[in-house]
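Engineer: Structure below; questions to follow.
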Amino acid sequence: MWSLSATDERLSQAGTLARENPELTAVAVVVALVAVTGGYLLFRARWTSGVRFRRLLADQDEITVLMHPNPDPDAMSSALGVASLASQVGVDATVQYPGQIRHQENRAFRTVLDLELETIEHVSDLAAESVVLVDHNEPRGFAGADGVLPIAVVDHHPGDGAGERFTDVRTDYGATASVVAEYFKENDATPVPPDKHASETDSDLTLPTDTATGLLYGILSDTKHLTVGASEPDFAAAAYVYPGVDQDRLDRIANPAVDAEVLEVKARAIAGRRVEGSFAVADVGGVNNVDAIPQAADELIQLEGVSAVVVIGERDGTVHLSGRSRDDRVHMGNAIESVLADVENGDGGGHSRMGGGTVAPRIDPTGEDGPKAVDRDELADALFRAMAGDV
């Protein structure tokens with residue numbers, strides 16, 4: 001054992017050495033700092049994305065969880081999950097979106113889960129300076145969107161957008177809801193069964209029943225019940241949230257009443273479809289509910305002999321396109337994007353199995369002729385060529 005006097009002697013020798021060799025002392029201090037810093041960085045690198053995201057949220061006073069225009073169940077459930085995680089670490093969260101919620105399933109989702117969602121039209125409407133984007137990676141759909149620098153981005157769509165402090169874009173996932181579900185799992189959150197209260201879980205963090213129900217439906221809706229575009233993490237996420245799912249509310253969301261116009265648009269798409277080989281394009285004309293267009297595409301892709309389809313419709317002068325593909329030769333997002341890239345005011349894209357786009361009316365700068373409509377017959381021809389690979 002060391003005696004006290006021996007220790008004092010060694011400390012004295014160390015002090016003398018430090019005074020006589022200041023350069024050596026400085027090097028030793030730098031080496032120690034590098035070792036400590038390296039150890040901390042290594043420890044932090046081992047944090048999962050979910051832990052890093054929770055820590056980022058905990059650093060904020062309040063956040064805006066921003067969804068894309070006209071949000072769908074994947075966007076709404078992801079936003080619900082982020083807001084729930086934020087509230088459990090003491091952060092006020094406001095969920096906002098531009099546009100409208102029109103699709104009957106989307107309206108049912110909001111109503112059944114009693115979601116508090118706010119609409120925005122201008123950047124000044126954002127509830128907080130700290131913005132978290134979910135299910136898209138570049139702000140859009142409202143005035144001043146280009147000036148928004150989100151602190152975090154959580155998404156599964158391809159794109160160049162990024163968060164200032166956190167970016168998690170997983171294009172191999174079928175739904176952003178799967179990513180958010182993983183965040184809860186990585187933070188050891190316990191799913192709360194519908195017949196229990198959070199206090200009965202004996203857990204610091206929980207996955208509330210409404211959030212679990214929403215996340216499962218978000219996963220199912222964006223992967224067509226785990227049959228299209230789903231990856232192993234989507235199945236794992238669904239299994240994780242399942243114990244907390246309220247089956248009754250899930251059924252009410254999945255089976256809402258169908259708008260009469262949706263049925264009419266589906267009928268027009270089926271009756272008026274134009275077919276070339278296994279590809280189909282249907283122009284349904286004017287619609288009041290633009291969400292009927294993707295629903296018509298979902299209907300057409302199920303027809304025997306049809307492997308890829310695009311439905312075209314128009315509302316208030318803007319042409320809307322929605323495409324579906326179950327043909328490995330046809331990347332629907334790329335096909336629509338390539339066609340609309342050559343159309344004035346056209347914008348489109350998407351995934352291999354699902355894509356969409358719009359063409360805004362062309363305005364005559366002189367104001368003499370008024371808006372010019374796009375030639376939808378030429379648009380249909382171009383879509384057939386794109387689906388056939390002639391782009």
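The values are calculated or read from the model by the stated rules, or taken from the named source; none is laboratory data. Worth saying up front: this structure is predicted, and the values here are computed from it rather than measured. For neighbour counting, all protein chains shown are included, and Cβ atoms are generated from backbone atoms with ideal geometry for every residue, glycine included. Just so you know, the surface numbers come from the protein's heavy atoms only, side chains and all, with ligands and any DNA or RNA stripped out. Shrake-Rupley method; radii C 1.70, N 1.55, O 1.52, S 1.80 Å.
Engineer: Between segment 136-159 and segment 50-121, how far is it from one alpha carbon centroid to the other, in angstrom?
Structural biologist: 14 Å
Engineer: Okay, moving on. Determine the order of Val311, Val343 by accessible area, beginning with the largest, at a probe radius of 1.4 Å. Walk me through the numbers on the way to the answer.
Structural biologist: Working: Val311 0, Val343 35 Å².
From most accessible down to least: Val343, Val311.
Engineer: Still on this structure, please answer the following. Go through Val262, Thr227, Leu126 and say which Cα lies farthest out towards the positive end of the charge dipole of the chain; charges sit on Cβ, +1 for Lys and Arg, -1 for Asp and Glu.
Structural biologist: Value: Thr227.
Engineer: Counting pairwise Cα distances across segment 134-225, what percent come out greater than 18 angstrom?
Structural biologist: Counting every Cα pair in segment 134-225, those more than 18 Å apart make up 55 percent.
Engineer: Using Cα atoms only, what is the angle between the long axis of helix 376-387 and the major principal axis of the chain, expressed in degrees (0 to 90) to the nearest 10?
Structural biologist: 50 degrees
Engineer: A further question follows. Report the full-extension gain for the segment Lys224 to Asp204: residue separation times 0.36 nm, less the Cα-Cα distance, to one decimal in nm. Provide the component values of the computation, followed by the final result.
Structural biologist: Values: separation 20, 0.36 × 20 = 7.20 nm, distance 3.34 nm.
Additional length available on full extension: 3.9 nm.
Engineer: In square angstrom, what is the accessible area per residue of segment 108-172 with a 1.4 angstrom probe?
Structural biologist: Averaged over the residues of segment 108-172, the accessible area is 50 Å².
Engineer: Hey, can you find the accessible area per residue of segment 207-291 for me, probe 1.4 Å, expressed in square angstrom?
Structural biologist: 45 Å²
Engineer: Given (i) 0.98; (ii) 1.14; (iii) 1.06 as candidate values of Rg/Rh (Cα atoms, Kirkwood Rh), which corresponds to the one derived from the coordinates?
Structural biologist: (ii)
Engineer: When you count, for each residue, the other Cβ atoms within 10 Å and take the mean per peptide, how do 48-56, 125-133 rank with the highest first?
Structural biologist: Details: 48-56: 18.2, 125-133: 20.7.
Taking the mean over residues of other Cβ atoms within 10 Å, the ranking is 125-133, 48-56.
Engineer: Once phi is turned into θ = phi - 60°, what whole-Hz ³J(HN,Hα) does the Karplus curve with 6.51, -1.76 and 1.60 give for every residue of segment 173-187, x standing for Gly and Pro?
Structural biologist: Here the 3J(HN,Hα) series is 8, x, 8, 5, 4, 5, 5, 5, 4, 4, 4, 5, 4, 5, 9 Hz.
Engineer: Ok, one more. Quick check for me: using +1 on Lys/Arg Cβ and -1 on Asp/Glu Cβ, what's the dipole size of segment 165-289 about its Cα centre, in debye to the nearest 20?
Structural biologist: So the magnitude is around 600 debye.
Engineer: If you don't mind, another one. Quick one: grab the alpha carbon gyration tensor of segment 70-153, order the square roots of its eigenvalues as a ≥ b ≥ c, and give me rounded if a/c is under 1.5, else prolate or oblate depending on whether a/b is larger than b/c.
Structural biologist: Values: a/c = 1.81, a/b = 1.15, b/c = 1.57.
It comes out oblate by the Cα gyration axes.
Engineer: Once label points are set 7 Å from the Cα along Cα→Cβ at both Asp342 and Ala162, what is their separation, rounded to one decimal in nm?
Structural biologist: Calculated label separation equals 3.4 nm.
Engineer: Can you quote the Å³ per residue value for the convex hull of the Cα atoms in segment 268-320, rounded to an integer?
Structural biologist: Enclosed volume per residue, from the Cα hull, is 62 Å³.
Engineer: Output the antiparallel fraction of DSSP beta bridges having both residues in the chain, as a percent to the nearest 5.
Structural biologist: Given both bridge residues lie in the chain, the antiparallel proportion sits at roughly 45 percent.
Engineer: Leaving out ligands, DNA and RNA but keeping every protein chain, what accessible area does Lys185 have, in Å² rounded to the nearest 10, with a 1.4 Å probe?
Structural biologist: Estimated to the nearest 10 Å², Lys185 gives 110 Å².
Engineer: Then there's this: Counting only protein heavy atoms, what percent of the accessible surface of the chain is carbon or sulfur at a 1.4 Å probe?
Structural biologist: Numbers: 9650 of 19690 Å².
C and S atoms contribute 49 percent here.
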